[in-house]
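The values are calculated or read from the model by the stated rules, or taken from the named source; none is laboratory data. All values derive from a computational prediction rather than experimental measurement. FYI the Cβ positions are ideal-geometry reconstructions off the backbone, even for glycines, and counts take in every protein chain you see.
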Amino acid sequence: MSEEPIPTNPLGGRTLIVDPTDQRCYPTPSAALKDVAESDQVYVRPGIYEDKLVVTQRPIRLVGAGRDRVQIFCRRSGPLYLQEVPEGWITGITFRYVGSDQHSALNILNSTCIITQCRAMEGILSGVVLYGPECRVAFTDNEVCRNRESGIFVFAGAQPRVADNRCVENHHFGIAVRDSGSRPDLVRNLCEDNMLSGILMFQHAEGLIVDNVCRNNQHWGILLTPDSHPNPAPSALPTMNRLEPNGIGVYSISDQPLAQIGR
């Protein structure tokens, strides 16, 4: 069987290959990331890898062979942590947390990069946490599923673009946004079959909410607190998004949005 073609590095640097069955390659993604120069990228061949990736204050360029073919899981903490990553991309990988402590599958602090065509699953906290006032991640075309709290949680002043994602079968909300200064663009996301509502915006959060589909959630399509500031205004949300059918209704405004989970 011939080897799969290696994706071209658009920056012209090296492509470091991860394949534990090939002695010419790196055994794990984290081992390859330790050796990258600024213009290098890492390519992960199909497989299941027990690993933890931590990247701080440098670019990341990590390409997997596809989220249905590459899985990175971790037992003791979340499998991916980015802090102050200034640029780069991550694509084509499933990140899975399989431990029992309070961790997410993707933990992204104050970073600016692209995360696309990945999957985040089984976080004990939310599947993906995007936070910090310098967080400007483009989180697009991902699948976020079966996490114990919300699928995607934006907080602490983050301003990411969250678009074209599929947030399904999460225990709380498909997407949740909290805190003054948090201002994501939520565009064309599918929030479906979540155990509470499709989208929650609370505690002075604001953000663009357009062209999303929130359907078949147990409670509401969108749930807001009175101090949140969605764009468009709440009364226009059903026109600018598809918010039915859901278990209770289209949208609601409540000063106790977490009462159902005892918070």
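When you scan region 189-200, do you find a residue that is over 23 Å from VAL85 (Cβ atoms), at pLDDT 95 or above and among the small types (Gly, Ala, Ser), even just one? Yes, there is a match, as at least one residue in region 189-200 is over 23 Å from VAL85 (Cβ atoms), at pLDDT 95 or above and among the small types (Gly, Ala, Ser). Considering only residues in region 14-28 that are surrounded by 14 or more Cβ atoms within 10 Å (Cβ to Cβ) and free of Cβ contacts under 8 Å to residues at least 24 places away in the same chain, the one that is nearest to the chain's Cα centre (by Cα) turns out to be THR28. The condition of being under 21 Å from HIS103 (Cβ atoms) and part of a loop (DSSP other than H, G, I, E, B) holds for only one of ASN246, ASN170, that being ASN170.
For region 29-50, a residue qualifies if it is touching a Pro at 6+ places or on another chain (Cβ under 8 Å) and surrounded by fewer than 19 Cβ atoms within 10 Å (Cβ to Cβ), and the qualifying residues are GLU38, GLY47. Being surrounded by 19 or more Cβ atoms within 10 Å (Cβ to Cβ) and part of a strand (DSSP E or B) is the filter here, so list the residues in region 110-139 that pass it. Once the filter is applied, which keeps residues that are surrounded by 19 or more Cβ atoms within 10 Å (Cβ to Cβ) and part of a strand (DSSP E or B), region 110-139 yields ILE115, ARG119, ALA120, MET121, VAL128, VAL129, LEU130, TYR131, PHE139. All of PRO257, PRO230 fail the test of being crowded, with 17+ Cβ neighbours inside 10 Å and at pLDDT below 95, apart from PRO257.
When you scan region 226-237, do you find a residue that is under 19 Å from ASP193 (Cα atoms) and either of a type in the set (Gly, Ala, Ser) or touching a Ser or Thr at 6+ places or on another chain (Cβ under 9 Å) (or both), even just one? The answer is no; no qualifying residue exists. May I ask you to verify whether SER235 is crowded, with 17+ Cβ neighbours inside 10 Å, modelled with pLDDT of 95 or more and over 20 Å from THR116 (Cβ atoms)? When the stated conditions are applied, SER235 does not pass them. Can VAL162 be described as in a strand (DSSP E or B), on the phi < 0 side of the Ramachandran plot and in contact with a strand residue (DSSP E or B) (Cβ under 8 Å, 6 or more places away or on another chain)? In short, yes. Checked against the criterion of being buried (at least 20 other Cβ atoms within 10 Å of the Cβ) and touching a residue at least 24 places away in the same chain (Cβ under 8 Å), the candidates LEU200, LEU208, LEU190 yield just one match: LEU200. Scanning region 78-98 for residues that are surrounded by fewer than 16 Cβ atoms within 10 Å (Cβ to Cβ) and farther than 17 Å from VAL162 by Cα yields GLN83, GLU84, PRO86, VAL98.
Of the strands (runs of 3 or more DSSP E) lying entirely inside region 16-103, none contains at least 2 residues that are under 20 Å from ASN147 (Cβ atoms), at pLDDT below 95 and among the hydrophobic types (A, V, I, L, M, F, W, C). Give the residue, chosen from ASN212, ASN241, that is in contact with an Asp or Glu (Cβ under 7 Å, 6 or more places away or on another chain) and closer than 21 Å to ARG166 by Cβ. Step by step, each of ASN212, ASN241 is checked, and only ASN241 is in contact with an Asp or Glu (Cβ under 7 Å, 6 or more places away or on another chain) and closer than 21 Å to ARG166 by Cβ.
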